[in-house]
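The structure under discussion appears below in the form of structure tokens.
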Amino acid sequence: MASASAYEFIPPGSRFHALPSPFPMKRGGVLHGARVAYETWGTLAPGRDNAVLILTGLSPDAHAASGPHDPAPGWWEAMLGPGKPIDTGRWFVICVNALGSCKGSTGPASLDPATGQPYRLAFPELSIEDVADAAAAVVRGLGIGQLACVIGNSMGGMTALGLLLRHPGIARSHINISGSARALPFSIAVRSLQREAIRLDPNWNGGNYDHDTWPESGMRIARKLGVITYRSALEWDGRFGRVRLDQSSPFANGNGEEDPFGLEFQVESYLEGHARRFVRRYDPNCYLYLSRSMDWFDVAEYGNGDVLAGLATVRIERALAIGASTDILFPVQQQQEVAEGLARGGADAQFLGMDSPQGHDAFLVDFGRFGPAVRGFLDRL
């Protein structure tokens, strides 16, 4: 099994599945000695028919919830566990870290076995379908013939559709949360600016940075752009309004130096603090690769140029597409499209729009709405 590099950030409870070697990539190239990081909760039933797979957004790791191997709260702690909406008393839950990430699965930050150095930009072009194929390998490696349900959040919603398209019969049902069958121009434009901010940072150096010359400014800007789109204007107004900073705030002048255009409002300080916590915990090259994979994804490829026809080729029994009405990154029309297309393929597919003020990231915080929806769907399986 591959060793971790200094540019990876792997939760202590991670387990690893070795991918077939060579592992072919959709857009060309192969990986040798690659792996996928994952965690599990609950007990697999004797019939191996109670497995639920969670596929994540761009930045989360496989640590969705606390467990015996890592008691720290996970990124979806309120949703996953005994008696929770995804009840580990009933379900055997698997969460995988996306191929291409820096959180345990092989990606640009990982060591290339051919050189002993991080792949960096030598990593093959990454597609959502590659992420899906790697997740399928984990499912098969655990001896699971068919999942009871595959749940995908944000980018994970794209990955789940890729999984269902490329591995027919791998799941009986699907929950697509704030996901999409294709990238739309607004989200492509935002991600393009994020990547440009990273690449224009002199410290990025064509992907050849180190911890002493990290492209921190580029990553900060990229993260701020992302956070702005993850929430809604309604929430920004409700949380911060036009409240100004106390000038004793540690972020009042950016780096503590006099700056006539420094931070002045609380919302600016929030974005700065959020970005600073992120930039040294995620590899910039991985950010570039996974971001671009989302822009490339389009289910229309599987339907002769028509996204609904592509979705109609998926064969599952039941599906639920959920979105927040205030989501500007993946608007609810995209979840409606997913439900319509899956229904055309014969699934009992429903769309549920949530009047949540939190925007795209509502599924991470608005558990009062998203929890019952997920629980209700799973209870009927």
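Evaluation of Ala65 against the conditions (1) more than 25 Å from Ser154 (Cα to Cα); (2) buried (at least 23 other Cβ atoms within 10 Å of the Cβ); (3) of a type outside the set (Val, Ile, Thr) shows that the sole unmet condition is (1). Taken as a whole, the structure places Pro46 among residues that are surrounded by fewer than 21 Cβ atoms within 10 Å (Cβ to Cβ), without any contact (Cβ under 8 Å) to a residue 24 or more places away in the chain and farther than 17 Å from Met155 by Cα.
Among the residues of the stretch 157-182, those that are in contact with a Phe, Trp or Tyr (Cβ under 7 Å, 6 or more places away or on another chain) and either of a type in the set (Ser, Thr, Tyr) or modelled with pLDDT under 95 (or both) comprise Ser178, Ser180. Could you tell me whether Ile151 is open to solvent by less than 10 Å² (accessible area, probe 1.4 Å) and either within 18 Å of the chain's Cα centre (by Cα) or under 15 Å from Trp296 (Cα atoms) (or both)? In short, yes.
Which one is nearest to Ser127 (Cα to Cα) among residues in the stretch 1-48 that are part of a strand (DSSP E or B) and among the charged types (D, E, K, R)?
Residues of the stretch 1-48 that are part of a strand (DSSP E or B), as a first pass: 15-18, 23-24, 30-31, 35-41.
Then keep just the ones that are among the charged types (D, E, K, R); that gives 15, 35, 39.
Values: Arg15: 23, Arg35: 16, Glu39: 23 Å.
It comes out as Arg35.
Selection of the stretch 245-299 for residues being at pLDDT 90 or above, small (Gly, Ala, Ser) and surrounded by fewer than 18 Cβ atoms within 10 Å (Cβ to Cβ) yields only Gly273. Residues that are assigned to a helix (DSSP H, G or I) and within 23 Å of the chain's Cα centre (by Cα) within the stretch 205-216 comprise Gly207, Glu216, listed in sequence order. The set of residues from the stretch 91-137 being in a loop (DSSP other than H, G, I, E, B), in contact (Cβ under 8 Å) with a residue 12 or more places away in the chain and charged (D, E, K, R) comprises Lys103, Glu125. Of all the residues in the stretch 351-362, those that are surrounded by 22 or more Cβ atoms within 10 Å (Cβ to Cβ) and closer than 19 Å to Glu337 by Cα number 3. Within the option set Gly341, Gly368, being crowded, with 23+ Cβ neighbours inside 10 Å, part of a helix (DSSP H, G or I) and over 20 Å from the mean Cα position of the chain (by Cα) holds for one residue only, Gly341.
The number of residues in the stretch 308-326 being open to solvent by less than 10 Å² (accessible area, probe 1.4 Å) and within 27 Å of Thr229 (Cβ to Cβ) comes to 7.
Okay, residues lined up against (1) open to solvent by 30 Å² or more (accessible area, probe 1.4 Å); (2) under 22 Å from the mean Cα position of the chain (by Cα); (3) at pLDDT 95 or above; (4) among the small types (Gly, Ala, Ser):
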{"residue": "Phe16", "(1), (2), (3), (4)": "yes, yes, yes, no"}
{"residue": "Val30", "(1), (2), (3), (4)": "yes, no, yes, no"}
{"residue": "Arg35", "(1), (2), (3), (4)": "no, yes, yes, no"}
{"residue": "Glu39", "(1), (2), (3), (4)": "no, yes, yes, no"}
{"residue": "Glu77", "(1), (2), (3), (4)": "yes, yes, yes, no"}
{"residue": "Lys84", "(1), (2), (3), (4)": "yes, yes, yes, no"}
{"residue": "Pro108", "(1), (2), (3), (4)": "no, yes, yes, no"}
{"residue": "Gly116", "(1), (2), (3), (4)": "yes, no, yes, yes"}
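Within the stretch 215-223, at least one residue is under 24 Å from Phe330 (Cβ atoms), at pLDDT 95 or above and open to solvent by 40 Å² or more (accessible area, probe 1.4 Å).
The values are calculated or read from the model by the stated rules, or taken from the named source; none is laboratory data. None of the values given here were measured: they were computed from a predicted structure. Glycine gets a Cβ as well: all are built from the backbone with ideal geometry, and neighbour counts include every protein chain shown. Note: accessible area is taken over every heavy atom of the protein model, side chains too, but ligands, DNA and RNA are not part of it. Shrake-Rupley method; radii C 1.70, N 1.55, O 1.52, S 1.80 Å.
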